[in-house]
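The values are calculated or read from the model by the stated rules, or taken from the named source; none is laboratory data. Since the structure is predicted, the reported quantities are computational estimates derived from the model, not experimental observations. Heads up, the Cβs are rebuilt from the backbone with ideal geometry, glycines too, and the neighbour counts pull from every protein chain shown.
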Amino acid sequence: MNRVLIVTSQSNDAKALSEVLQDASDGPYAIESLTLLAPALARIDSGDIDVILVDLSLPDSQGIATFDQLFAVAPQIPILILSGTEEEELANLAVQRGAQGYLSKGYFESYLVPQSLRNIIQRKAVEESVFMEKARAEITLNSISDAVIGTDMNGNVDYLNVAAEKMTGWPREDARGKPISVVMQIINGATREPRRNPIELVLEQDQEMQLTAGTILIRRDGRECAIEDSAAPIHDANGQLSGAVIVFHDITDAQATALKMAYLAQHDFLTNLPNRVLLNDRISQAIAVAERRRSHLGVLFLDLDNFKLINDSLGHSIGDRLLQSVAQRLTACVRRSDTVSRQGGDEFVVLLTEDNFAEDAALTAEKILTAMAQSHVLDGQQLLVTTSIGISTYPADGLNAETLIKHADSAMYQAKERGRNNYQFFASNMSNQAVARQTIETELRVALERHEFVLHYQPKVNLASGAITGTEALLRWNHLQLGQLQPSRFVSIAEDCGLIVEIGRWVLHEACKQACLWRDSELLCGPMAVNVSALEFRDKGFVAGLEAILAQTGLPASALQLELSESALMREAQFSSQVLQQLHSLGVLLAVDEFGTGYSSLTQLAQFPLDVLKIDQSFVQKLDAQDDNRVIVSALIAMGSSLKLRLVAEGVENPAQLAFLKGQRCEEGQGFLFSPPLAAERMSALLVRGIRPLTFSGRE
Ligand code: C2E
Ligand code: MG
């Protein structure tokens, strides 16, 4: 029910109004009537009044002042003036000041009175809710982080939310009425040219504008920020364009993140070098340029030699730092216009863009080999890591990035096969070899399960008596398609992919088992020698694994001899020494294989608990050819004797070599002259029969 307050000193008027309102069909109204302004103000103040009907001439207040006082206490309550005909001017003044209208005296009985009252009350309610809605919209706009600017249809600013004030640096009062292009100055981030404000386009075309990429906002104080924006037209109730609104936000941070992400996607996290993705891109670009200029490109594929060994034995953090150090050296070896990238693991690819002649690539490769020959000092340790390099050139070896990299990779394998620490140019037959290598790696993984490995045995012989003093187990792979493969075809591949550890364990087990059989039937009293590659030797579980095998097979430790290549021992002398001590205390015999090839010094060798030196066959075989070799072999034999080690000459193939070695007091030998490596049964037969003393003529 609506409450009506009638304020008039004319009791007739009050009565007439009360009656018409009480009878109203849309009623009922609760009517209160007062004759003075003062109590009326007090009544309004206590609440609940929905509409006021007032005669401006009251005993305690006259004229417009009456209205003003009422309006001051209740601006939200509709006020109707009760006006005589001669007072119309005053009533109009009140309407201008906020009154909702007036009722002319003499018409108070009319049915129109309740109707106007109803209209006024409703209109006020609608106004109130519009006001609330606006207030709510204002609060919302001010609490969002996007900047919002509204303009009229001429593009002059009529609204800014708080975020827009902050971003543009323009307070609302200053901005109001200014053209949008003044308040919101924008430029193209790339060209620095002023950009037309989207609001202007929206007003011209009367349609939404999508985001404009790369926009920079220049604030009032001259500072800049990257923004993303969208603008839309505003239409009035009739669908007529009445203005536009633009919404935008700061994307400086988002852009920085996006840039960072893009960088990470193209760079290697460890070394910061371009990665595979970026390299491919650079090669493709370089090819496009070289094609136009008819120039050449060089692609160098590098793989560190024995990196896996360092990583496994010294830990990944040292490995990581070594890679970083290598990355720096590589970068220092090339021009700024060239690209050094890391492919992953210990592989790097260098793109030489100004490669005019093949010699340029060779020069760079040599420079890299020289740079890498210096040791890296990490944590006070000196680490030496050499590298093998394969080179392919554009356009001779390939016309796209993929082929050039693939061919450089094949050439790199060739460099590895040629003894590592060197570089090779791609030759067309190499890709077949690389494929073959890949195939071998795949098949090696299943060879153990398929029982494709066998051991052959070669006797060691006392050079004076011809008696068999021991045997060496040598690994063979019975490959389904390729037939029997020698270790040179697969051991280095097994080392590169780490499979050698598992294979080596099988070899040890098999050799120990065989040695037990021969010992049980009293065919063999000397030791069984097993080759151990550096990688196995470095494996943490090596010593424990060996102990387990000895326990399982029952072979006494003293009947086993482990052969380690000289270079493998010397690579990390301190670590080698520890493991050798452990093995020595188990009672296992230790031999240095390929002695003479690893540049070790007597002092170094003397630190190790060694039993045997095996003189590398390369010296023995060249004995007849060069005098120098005679000197070397004599020196090696002398070194061995001074260290009180047993000496075994490897690769003895003819009587002349035998005679020389005997003359130098080398006690033992191994070689085709006595017997090639044999399968177990044939070796058994040889052990039974023996090798005829001194003649040593017949091969088995
Ligand atoms: P190595 O330890 O120096 O073994 C001697 C190699 O010389 C054997 O080659 C043997 O067949 C060959 N040989 C023996 N007498 C003569 C001769 O009078 N003249 C010539 N020209 N060669 C002779 P093989 O069996 O091909 O083995 C090559 C290398 O592979 C071995 O060199 C050894 O380092 C490695 N290897 C062999 N078996 C294994 C194994 O089970 N594990 C590991 N890690 N390496 C192995
Ligand atoms: Mg050996």
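If the condition is being surrounded by fewer than 20 Cβ atoms within 10 Å (Cβ to Cβ) and either of a type in the set (G, A, S) or near ligand 1 (Cβ under 10 Å from one of its atoms) (or both), then the stretch 455-473 contributes H456, A464, S465, G466, A467. On the basis of being over 21 Å from R538 (Cα atoms), of a type in the set (A, V, I, L, M) and not assigned by TED's automatic domain parsing to the domain that holds A659, does V435 make the cut? Considered against the rule, which asks whether it is over 21 Å from R538 (Cα atoms), of a type in the set (A, V, I, L, M) and not assigned by TED's automatic domain parsing to the domain that holds A659, V435 comes out as yes. Considering the stretch 628-642, and only residues there that are under 25 Å from P527 (Cβ atoms) and β-branched (V, I, T), the residue that is farthest from ligand 1 (Cβ to nearest atom) turns out to be I637. Note on the stretch 477-509: residues that are within 28 Å of A557 (Cα to Cα) and more than 14 Å from ligand 2 (Cβ to nearest atom) amount to 13. So which residues in the stretch 216-247 are touching a residue at least 12 places away in the same chain (Cβ under 8 Å), out of contact with any helix residue (DSSP H, G or I) (no Cβ under 6 Å at 6 or more places or on another chain) and aliphatic (A, V, I, L, M)? Passing the criteria: I216, L217, I218, I227, A232, I234, L241, V245, V247.
Taken over the stretch 101-133, the criterion of being of a type in the set (G, A, S) and over 60 Å from the mean Cα position of the chain (by Cα) is satisfied by G101, S104, G106, S110, S116, A125.
For every residue, the table says whether it meets (1) in contact (Cβ under 8 Å) with a residue 24 or more places away in the chain; (2) outside the structural domain of E563 (by TED's automatic domain parsing); (3) within 12 Å of ligand 1 (Cβ to nearest atom).
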| residue | (1), (2), (3) |
| --- | --- |
| V491 | yes, no, yes |
| L499 | yes, no, yes |
| E502 | yes, no, yes |
| E510 | yes, no, yes |
| E522 | no, no, no |
| G526 | yes, no, no |
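Please go through the stretch 11-31 and pick out each residue that is outside any helix (DSSP H, G or I) and surrounded by 15 or more Cβ atoms within 10 Å (Cβ to Cβ). Matches in the stretch 11-31: A24, G27, Y29, A30, I31. Candidates in the stretch 656-671 are the residues that are within 16 Å of ligand 2 (Cβ to nearest atom) and part of a loop (DSSP other than H, G, I, E, B); of these, the one that is surrounded by the most Cβ atoms within 10 Å (Cβ to Cβ) is Q670. Checking each residue in the stretch 536-594 for being in a helix (DSSP H, G or I), touching an Asp or Glu at 6+ places or on another chain (Cβ under 7 Å) and either of a type in the set (F, W, Y) or closer than 17 Å to V491 by Cβ (or both) picks out R538, F542, E566.
Selection of the stretch 426-471 for residues being charged (D, E, K, R) and within 30 Å of Y394 (Cα to Cα) yields R437, E441. With a requirement of 2 or more residues that are over 29 Å from the mean Cα position of the chain (by Cα), the strands (runs of 3 or more DSSP E) lying completely within the stretch 292-399 that satisfy it span 381-383, 387-394. Exactly one residue among A625, A573, A606, A591 is within 15 Å of ligand 1 (Cβ to nearest atom), of a type in the set (A, V, I, L, M) and modelled with pLDDT under 90, and that residue is A625.
For (1) in contact with a Gly (Cβ under 7 Å, 6 or more places away or on another chain); (2) farther than 30 Å from L352 by Cβ, each residue gets a yes or a no:
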residue	(1), (2)
A415	yes, no
N421	no, no
V446	no, yes
K460	yes, yes
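Of all residue pairs spaced 6 or more apart or on separate chains, none has beta-carbon atoms under 8 Å together with a first member in the stretch 460-479 that is not assigned by TED's automatic domain parsing to the domain that holds G504 and a second member that is more than 12 Å from ligand 1 (Cβ to nearest atom) and among the basic types (K, R).
The C-beta contact set for the stretch 529-544 (first residue touching a residue at least 24 places away in the same chain (Cβ under 8 Å), second residue within 9 Å of ligand 1 (Cβ to nearest atom) and basic (K, R), distance under 9 angstrom, 6+ apart or interchain) comprises A529/K614. Selection of first residues in the stretch 579-595 that are at positive phi and in the same structural domain as A557 (by TED's automatic domain parsing) and of second residues that are in a helix (DSSP H, G or I) and more than 13 Å from ligand 2 (Cβ to nearest atom), restricted to Cβ pairs under 7 Å at least 6 apart or on distinct chains, gives the following pairs, ordered by first then second residue: G587/A557; G587/S558. All conditions but one from (1) modelled with pLDDT under 90; (2) within 16 Å of ligand 1 (Cβ to nearest atom); (3) charged (D, E, K, R) apply to K614; the one that does not is (1).
Taking residues in the stretch 551-569 that are polar (S, T, N, Q), and partners anywhere that are within 11 Å of ligand 1 (Cβ to nearest atom), the pairs with Cβ atoms closer than 6 Å and at least 6 places apart or on different chains are Q561/A529; Q561/A591; S565/D593; S565/E594. Per this entry, Q621 is counted among residues that are in contact with an Asp or Glu (Cβ under 7 Å, 6 or more places away or on another chain), polar (S, T, N, Q) and on the phi < 0 side of the Ramachandran plot. Here the condition is being surrounded by 14 or more Cβ atoms within 10 Å (Cβ to Cβ), under 30 Å from the mean Cα position of the chain (by Cα) and either of a type in the set (A, V, I, L, M, F, W, C) or part of a helix (DSSP H, G or I) (or both); of I440, I405, it holds for I405 alone.
For the residues L304, L383, L378, L323, the requirement of being touching a residue at least 12 places away in the same chain (Cβ under 8 Å), of a type in the set (A, V, I, L, M) and within 27 Å of N400 (Cα to Cα) singles out L304.
Annotation: E165 fulfils all but one of (1) touching a Pro at 6+ places or on another chain (Cβ under 6 Å); (2) farther than 30 Å from L80 by Cβ; (3) touching a residue at least 40 places away in the same chain (Cβ under 8 Å); the unmet one is (3). Here the stretch 642-655 is the region considered, the condition is being farther than 13 Å from K622 by Cβ and surrounded by 16 or more Cβ atoms within 10 Å (Cβ to Cβ), and the residue that is nearest to ligand 2 (Cβ to nearest atom) is V648. Residues that are modelled with pLDDT under 90, within 14 Å of ligand 1 (Cβ to nearest atom) and touching a helix residue (DSSP H, G or I) at 6+ places or on another chain (Cβ under 7 Å) within the stretch 643-700 comprise F696, E700, listed in sequence order.
Of all the listed residues (E109, E133, E165), the sole one being of a type outside the set (V, I, T) and under 22 Å from H249 (Cβ atoms) is E165.
Do you know which residues across the stretch 201-247 are part of a helix (DSSP H, G or I) and over 24 Å from V162 (Cβ atoms)? Correct list: L201, L203, E204, Q205.
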